[in-house]
Amino acid sequence: MKIIEIEACCREILSAISRIIVGKDDVLRQLLAGILANGHILIEDYPGLAKTLIARLLSEALDLTFKRIQFTPDLLPGDITGSLLYDQREARFEFRRGPIFTQLLLADEINRATPKTQSALLEAMQERQVTVEG
């Protein structure tokens with residue numbers, strides 16, 4: 001794809017989302033740039049100002065899988081990374097993926113989680129890998 005085609009595609013995506021989300025054009029542009037750069041984005045805003053909706057719309061527009069994790073004090077690292085479950089019929093352990101295995105993840109209220117759970121998220125973000133059961 002040529003740069004001019006990518007630019008036209010980005011304008012089309014931003015235009016479509018701007019019909020639903022009004023007054024956040026700069027935010028939308030920065031979010032799209034962050035996604036295209038394969039980066040991580042911190043969104044800070046007051047409650048109820050469409051952060052989840054924006055992330056969901058961007059994932060739909062870009063045809064990305066989307067998951068949201070609400071971080072709480074009782075959330076365990078395995079709750080986000082997944083865990084090994086024993087399958088009695090097959091007599092073996094099977095890995096069940098957690099919500100971290102997605103293309104676009106909204107991690108809400110990270111500060112409420114325990115340090116171990118935060119570390120599991122940060123490992124996935126920085127190293128682009130997940131440590132399970134260890």
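The values are calculated or read from the model by the stated rules, or taken from the named source; none is laboratory data. A quick note: this is a predicted structure, and the numbers were derived from the prediction, not measured. Note: ideal-geometry Cβ built from the backbone for every residue, glycine included; neighbour counts use all protein chains shown.
Could you check, for the stretch 30-53, whether at least one of its residues is basic (Lys, Arg) and outside the structural domain of Ala120 (by the TED database)? Checked the stretch 30-53: at least one residue is basic (Lys, Arg) and outside the structural domain of Ala120 (by the TED database).
Suppose the filter is closer than 23 Å to Arg19 by Cβ, part of a strand (DSSP E or B) and without any contact (Cβ under 8 Å) to a residue 60 or more places away in the chain; does Leu64 pass it? Write out each step before concluding.
Values: closer than 23 Å to Arg19 by Cβ: yes; part of a strand (DSSP E or B): no; without any contact (Cβ under 8 Å) to a residue 60 or more places away in the chain: yes.
Judged against the criteria, Leu64 is not a match.
Criterion first (among the hydroxyl-bearing types (Ser, Thr, Tyr) and within 27 Å of Ile54 (Cβ to Cβ)) does Thr131 satisfy it? Judged against the criteria, Thr131 is not a match. Residue check: is Asp63 loosely packed, with under 14 Cβ neighbours inside 10 Å, of a type in the set (Asp, Glu), within 28 Å of Cys9 (Cβ to Cβ) and touching a helix residue (DSSP H, G or I) at 6+ places or on another chain (Cβ under 9 Å)? When the stated conditions are applied, Asp63 does not pass them. Of the set (1) touching a residue at least 12 places away in the same chain (Cβ under 8 Å); (2) outside the structural domain of Met1 (by the TED database); (3) within 29 Å of Met1 (Cβ to Cβ), all apply to Phe71 but (3). Each residue in the stretch 27-61 was checked for being part of a loop (DSSP other than H, G, I, E, B) and either touching a Phe, Trp or Tyr at 6+ places or on another chain (Cβ under 6 Å) or among the small types (Gly, Ala, Ser) (or both), and 4 pass. Within the stretch 31-54, being more than 20 Å from Gln126 (Cα to Cα) and surrounded by 10 or more Cβ atoms within 10 Å (Cβ to Cβ) holds for Asp45, Leu49, Ala50, Lys51, Thr52, Leu53, Ile54.
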